[in-house]
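Chemist: Structure incoming, see below.
The values are calculated or read from the model by the stated rules, or taken from the named source; none is laboratory data. Owing to the predicted nature of the structure, the values given are computational and were not obtained by experimental measurement. Here the Cβ is made from the backbone with ideal geometry for all residues, glycine too, and neighbour counts use every protein chain on show.
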């Protein structure tokens with residue numbers, strides 16, 4: 001891997017010109033690489049729509065070239081980050097997030113809590129990390145130099161990079177890192193277990209900048225404690241012969257001497273995740289122009305999950321608006337959770353794939369809904385987690401209504417939503433609470449997912465079944481942006497001509513006494 005400290009002017013000029021070309025063209029063409037092969041006998045790789053290309057124009061860009069070493073359980077990476085200051089004022093520093101460092105010790109690991117420890121570390125604690133070997137930066141029009149940075153939190157997930165001069169509005173900043181991702185022996189969204197490697201929240205990303213400051217939220221053990229803006233990614237990964245790589249886009253694949261090279265181009269996505277395995281079986285279908293792929297150890301399980309994924313994709317596209325990405329991939333990961341969503345990629349638990357049936361179907365339907373409520377319409381998953389999880393739980397009800405009829409939907413609503421309203425929860429934890437208010441995952445799921453979905457059910461009933469129209473407008477209005485709770489309430493009032501603030505506060509902020 002090449003280093004970043006000894007950059008020459010020609011190199012920075014090369015990178016700068018390259019990213020300018022990318023921005024101007026808007027990733028107008030996805031290259032089919034010479035000598036390319038179809039992974040697992042795949043269908044033809046789809047192209048991005050004109051709408052997605054337009055949305056991607058002007059976004060920040062991350063370029064990652066990596067090599068996967070399963071024997072050492074690591075990924076060697078070289079990463080370039082091209083950022084533009086979109087604010088009206090200059091900035092004097094930059095903050096990046098390095099989430100893998102939280103896995104270095106049990107005190108900070110998000111899966112080393114008492115509730116999850118045994119399931120996630122069946123062989124005892126194993127450390128993971130992001131170890132930087134070189135770092136460089138260049139301000140626009142300046143010669144590149146070594147980057148000075150320091151970690152601001154105990155978990156070393158908040159990397160503050162010093163800037164040699166103020167970062168002017170509209171100016172471009174270039175960073176070049178080389179680092180090693182050490183994957184822990186752990187059953188989670190970042191780790192290796194049972195012959196499958198998962199890299200979720202694994203790469204360096206810029207922290208969200210809002211209200212004159214960077215968001216430096218802790219990497220909580222509950223929920224999805226990360227907030228990321230939409231960016232464009234180019235990710236190239238080399239894997240040994242016999243291994244399959246799934247990611248947050250559909251790849252082109254080249255044969256190399258020692259294995260395969262996967263090239264992913266992901267436009268307008270909030271994050272980029274990867275899964276690796278030697279024994280993946282593949283099932284594929286085209287659903288309304290979207291390439292849907294499932295990777296699982298069992299071919300039968302892959303086929304079953306594929307059926308549910310296509311069904312859910314068609315359902316939500318019809319109700320809320322079209323799925324915007326050219327591909328949707330689901331990959332088995334051996335972890336004790338149900339699933340984990342990333343843009344254009346869902347990690348599915350081996351437990352649910354082995355169960356199959358309704359448990360798998362409902363999991364796939366919920367996780368697919370996250371492509372609408374998280375991947376496309378972003379929200380504050382730390383402070384207002386209900387805004388994606390409750391909407392996905394409610395979308396599951398709409399899915400069941402469409403596929404199995406009203407009675408099946410009412411039965412599921414009673415089982416999952418109405419019964420949750422009768423359970424006593426410690427005071428202070430309401431669906432509108434931030435992640436820090438919840439004591440464990442069970443409480444979080446009961447309150448945020450299910451009691452949060454009760455709000456959507458109440459709105460559906462009170463609005464004479466016009467909630468679909470609102471959610472369609474919500475999806476269209478805030479696509480690839482981040483909607484606040486106030487945005488949700490304001491648009492709802494505008495669409496319906498009524499103020500729903502009291503009802504919303506009653507469900508989201510009031511402690512429920514059974």
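Chemist: For residues in region 39-57 being crowded, with 17+ Cβ neighbours inside 10 Å and at pLDDT below 75, which is nearest to the chain's Cα centre (by Cα)?
Modeler: 45
Chemist: Checking residue 220 against (1) touching a residue at least 60 places away in the same chain (Cβ under 8 Å); (2) crowded, with 22+ Cβ neighbours inside 10 Å: exactly one of these is not met. Which one?
Modeler: Against the list (1) touching a residue at least 60 places away in the same chain (Cβ under 8 Å); (2) crowded, with 22+ Cβ neighbours inside 10 Å, residue 220 comes up short only on (2).
Chemist: Kindly indicate whether any position in region 24-31 is at pLDDT below 95, in a helix (DSSP H, G or I) and either in contact with a strand residue (DSSP E or B) (Cβ under 9 Å, 6 or more places away or on another chain) or exposed (fewer than 13 other Cβ atoms within 10 Å of the Cβ) (or both). Spell out how you get there, then give the answer.
Modeler: We begin by selecting, within region 24-31, every residue at pLDDT below 95; these are 24-31.
Within this subset, residues satisfying the condition of being in a helix (DSSP H, G or I) are 24-25.
Now restrict to residues that are either in contact with a strand residue (DSSP E or B) (Cβ under 9 Å, 6 or more places away or on another chain) or exposed (fewer than 13 other Cβ atoms within 10 Å of the Cβ) (or both): 24-25.
Taking every residue of region 24-31 in turn, at least one turns out to be at pLDDT below 95, in a helix (DSSP H, G or I) and either in contact with a strand residue (DSSP E or B) (Cβ under 9 Å, 6 or more places away or on another chain) or exposed (fewer than 13 other Cβ atoms within 10 Å of the Cβ) (or both).
Chemist: Follow-up question, since we're still on this one. Might you check whether a residue that is part of a loop (DSSP other than H, G, I, E, B), outside the structural domain of residue 485 (by TED's automatic domain parsing) and within 23 Å of residue 314 (Cα to Cα) occurs anywhere in region 391-409?
Modeler: Applying the first criterion (part of a loop (DSSP other than H, G, I, E, B)) to region 391-409 yields 405.
Keeping just the survivors that are outside the structural domain of residue 485 (by TED's automatic domain parsing) gives none.
There is no residue in region 391-409 that is part of a loop (DSSP other than H, G, I, E, B), outside the structural domain of residue 485 (by TED's automatic domain parsing) and within 23 Å of residue 314 (Cα to Cα).
Chemist: Sticking with this one: Name the residue that is modelled with the lowest pLDDT, counting only residues in region 411-427 that are in a loop (DSSP other than H, G, I, E, B) and surrounded by 13 or more Cβ atoms within 10 Å (Cβ to Cβ).
Modeler: From region 411-427, those in a loop (DSSP other than H, G, I, E, B) are 423-427; that's our starting set.
Subsequent filtering for residues that are surrounded by 13 or more Cβ atoms within 10 Å (Cβ to Cβ) retains 423, 425.
On the way: 423: 89, 425: 81.
Among those that are in a loop (DSSP other than H, G, I, E, B) and surrounded by 13 or more Cβ atoms within 10 Å (Cβ to Cβ), it is 425.
Chemist: Quick one: would you say residue 430 is buried (at least 18 other Cβ atoms within 10 Å of the Cβ), touching a residue at least 40 places away in the same chain (Cβ under 8 Å) and not in a helix (DSSP H, G or I)? Break it down stepwise before answering.
Modeler: On the way: buried (at least 18 other Cβ atoms within 10 Å of the Cβ): yes; touching a residue at least 40 places away in the same chain (Cβ under 8 Å): yes; not in a helix (DSSP H, G or I): yes.
So residue 430 fits the description; yes.
Chemist: Determine whether residue 188 is over 23 Å from residue 313 (Cα atoms), outside the structural domain of residue 160 (by TED's automatic domain parsing) and part of a loop (DSSP other than H, G, I, E, B). Can you show your working first?
Modeler: On the way: over 23 Å from residue 313 (Cα atoms): yes; outside the structural domain of residue 160 (by TED's automatic domain parsing): no; part of a loop (DSSP other than H, G, I, E, B): yes.
Considered against the rule, which asks whether it is over 23 Å from residue 313 (Cα atoms), outside the structural domain of residue 160 (by TED's automatic domain parsing) and part of a loop (DSSP other than H, G, I, E, B), residue 188 comes out as no.
Chemist: Give me a count of the residues in region 238-261 that are closer than 17 Å to residue 343 by Cβ and part of a strand (DSSP E or B).
Modeler: Keep residues of region 238-261 that are closer than 17 Å to residue 343 by Cβ, which gives 245-251.
Pick out the ones that are also part of a strand (DSSP E or B) and you get 245-247.
Residues that pass the stated criteria total 3.
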